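Scroll down for the structure; my scribbles are underneath it.
The values are calculated or read from the model by the stated rules, or taken from the named source; none is laboratory data. Keep in mind the model is a prediction, meaning the values are calculated, not measured. Note that we place each Cβ from the backbone using ideal geometry, even for glycine, and neighbour counts take in every protein chain shown.
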């Protein structure tokens, strides 16, 4: 099994200093590289302290200068927020300066709140159309001069400057729905998926959709398929309690964004009070511990083996969940030292 790290700079409130968060983030990336992780992923989000990621390529440029071998991915660049020439050039530039370590992840975007600010008038549910037009254009620009006349972008003959140094940049698509799996396989893209806090059956559904899309495409392409879960390894009750309090607090802020309530002050979404969430399955502590990559090293190993048996042989360790900085490092160290060797 291969392992990947998804990590953001994040603050759930003002108690954390931004400088400490930045230092912690790069230390986690370096721990992942030393521990044998294959890829580290940077997100794109805007005006939200819980995911401080205004430009994934700027983040990867930072990480590239502080690492030497771990591959550097965007998970994901939000297509509707970019112009194709800009996106192609930014991506190629990080590939150049990192020595060909770019993994290019593209997606539709997450929150209506962001679209209201970054692409006013666009519904989040329609954003996949931008992604599907964008990707072929970026690939053409990486090859050389290209003119485009499309539904969302039009431009005269142009090219990506610089060009990627890899002969073929690996492309990843974030997928949950059949239409996205079909698109990814037709266009020979790798897939990452995120079942949120849903049970193992959600992963089974995604794997089924992937297999059906591969058969439908019939082009001989075998994708890499990576699954992401919030992860926390602990070896005592205190560690368990810390993890569950952190993830439930984070989910309370996510709930605000999903509802698009507008309760965001200086970049901090107001947390929906936990007592309003009691009885809702997705916030139940026992469910969270069962479905997420939480537990002792032995428990996490058994969970990963279940995914491996399903045909998922790449796991994305999602570190950003509002957990204390020291606890994040303890968890990642145990994962590297005690979990990964059992899945080698």
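In the condition set (1) farther than 28 Å from residue 339 by Cβ; (2) assigned to a loop (DSSP other than H, G, I, E, B); (3) at pLDDT 95 or above, residue 195 is compliant with all but (1). Within region 117-140, being closer than 14 Å to residue 46 by Cβ and free of Cβ contacts under 8 Å to residues at least 40 places away in the same chain holds for 119, 120, 124.
Only one entry of 252, 262 meets the criterion of being within 30 Å of residue 116 (Cα to Cα) and outside any helix (DSSP H, G or I), and that entry is 262.
Could you tell me whether region 296-309 includes any residue that is assigned to a loop (DSSP other than H, G, I, E, B), touching a residue at least 40 places away in the same chain (Cβ under 8 Å) and touching a helix residue (DSSP H, G or I) at 6+ places or on another chain (Cβ under 6 Å)?
There is no residue in region 296-309 that is assigned to a loop (DSSP other than H, G, I, E, B), touching a residue at least 40 places away in the same chain (Cβ under 8 Å) and touching a helix residue (DSSP H, G or I) at 6+ places or on another chain (Cβ under 6 Å).
Do we find a residue being in contact with a strand residue (DSSP E or B) (Cβ under 6 Å, 6 or more places away or on another chain) and either modelled with pLDDT under 95 or crowded, with 20+ Cβ neighbours inside 10 Å (or both) anywhere in region 110-129? Among the residues of region 110-129, not one is in contact with a strand residue (DSSP E or B) (Cβ under 6 Å, 6 or more places away or on another chain) and either modelled with pLDDT under 95 or crowded, with 20+ Cβ neighbours inside 10 Å (or both), which makes the answer no.
Filtering region 244-263 to residues that are in contact with a helix residue (DSSP H, G or I) (Cβ under 7 Å, 6 or more places away or on another chain) and touching a residue at least 40 places away in the same chain (Cβ under 8 Å) leaves 244, 247, 248, 251, 257, 260. When the residues of region 320-344 are filtered to those that are closer than 25 Å to residue 253 by Cα and out of contact with any helix residue (DSSP H, G or I) (no Cβ under 6 Å at 6 or more places or on another chain), the one that is surrounded by the fewest Cβ atoms within 10 Å (Cβ to Cβ) is 326.
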